[in-house]
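Data first, discussion second: the structure below is written as structure tokens.
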Amino acid sequence: MSTIELSNRQKKILQIVKTSGPITGEGIAEKLCLTRATLRPDLAILTMTGFLDARPRVGYFYTGKTSNHLLAEKLKKMQIDGFVSTPVVINENMSVYDAIVTVFSEDVGTLFVTDANTNLVGVLSRKDLLRASIGQQKLTTLPVNIIMTRMPNITMCQKDDLLIDVAKKLISSQIDAIPVVNKTASGYEVIGRFTKTNITRVLVELAEKDV
Ligand code: ADP
């Protein structure tokens with residue numbers, strides 16, 4: 001399947017199959033005054049991309065699928081695996097001051113917070129840190145576990161989740177990042193970070209790659 005631009009000849013073939021299908025390769029070639037061999041690569045592309053369907057001894061059919069349908073089908077099958085970023089994880093006893101330093105040094109917007117057993121216990125966003133900063137507390141002694149969003153209110157995902165489902169979670173929870181987790185006997189281990197930036201990367205890849 002692909003997001004490629006069809007060539008003029010491919011568009012002509014589609015038009016012929018739309019109006020005269022089912023039609024054999026030979027039949028299409030005749031209408032275009034070309035040889036069957038010349039058309040072979042175009043027919044292969046149109047079949048592979050899902051625009052056309054071929055049945056032995058019957059010929060080519062128009063599937064009725066537009067580029068948009070095909071792109072949507074492809075998107076709906078994609079998993080987040082392959083687009084996941086490295087998580088930045090801090091301990092729940094870290095001070096808010098050090099967490100702010102970490103946001104700058106690691107260049108991330110969201111920190112994931114774990115307990116002594118490395119189980120996920122919280123999430124810290126930039127606004128959580130800003131909110132704490134404009135309060136009266138002393139940031140060097142205030143632990144992040146006082147101000148973080150905590151379990152069980154954390155939106156999580158797994159690496160084999162469908163991209164479209166995780167994207168919907170980002171929207172419905174109104175958040176920028178989701179921890180990618182592995183369920184363990186004692187809780188959830190953080191193995192990745194999936195953010196709105198990752199979605200942007202998917203978009204660019206879809207546009208640039210003919211997969
Ligand atoms: P910001 O607050 O900087 O705009 P977000 O929109 O990601 O960033 O976060 C909004 C709120 O949601 C914050 O209070 C944050 O702690 C919380 N939050 C962020 N990510 C998650 C998540 N995956 N699960 C639950 N809560 C989250």
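The values are calculated or read from the model by the stated rules, or taken from the named source; none is laboratory data. A quick note: this is a predicted structure, and the numbers were derived from the prediction, not measured. Positions of Cβ are backbone-derived with ideal geometry, glycine not excepted, and every protein chain shown enters the neighbour counts.
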Considering residues of segment 154-175 that are in a helix (DSSP H, G or I) and of a type outside the set (A, V, I, L, M, F, W, C) only, the residue nearest to the chain's Cα centre (by Cα): 165
The one condition in (1) surrounded by 13 or more Cβ atoms within 10 Å (Cβ to Cβ); (2) among the charged types (D, E, K, R); (3) under 13 Å from the mean Cα position of the chain (by Cα) that residue 150 fails to fulfil: (3)
Where residue 82 falls short, out of the listed (1) within 24 Å of residue 159 (Cα to Cα); (2) within 14 Å of the ligand (Cβ to nearest atom); (3) of a type in the set (Gly, Ala, Ser): (2)
Positions within segment 189-211 being free of Cβ contacts under 8 Å to residues at least 40 places away in the same chain and in contact with a strand residue (DSSP E or B) (Cβ under 8 Å, 6 or more places away or on another chain), in sequence order: 196
Enumeration of residues in segment 119-153 that are part of a strand (DSSP E or B) and more than 10 Å from the ligand (Cβ to nearest atom): 121, 143
Boolean, residue 70 is within 26 Å of residue 25 (Cβ to Cβ), assigned by TED's automatic domain parsing to the domain that holds residue 23 and without any contact (Cβ under 8 Å) to a residue 40 or more places away in the chain: no
Output for segment 168-197, where each listed residue is among the hydrophobic types (A, V, I, L, M, F, W, C) and within 13 Å of the ligand (Cβ to nearest atom): 170, 171, 175, 177, 178, 180, 181, 190, 194
Pair list, Cβ < 9 Å and 6+ apart or interchain, from segment 139-162 residues that are free of Cβ contacts under 8 Å to residues at least 24 places away in the same chain and under 21 Å from residue 109 (Cβ atoms) to residues that are in a loop (DSSP other than H, G, I, E, B) and near the ligand (Cβ under 9 Å from one of its atoms): 155/173; 155/175
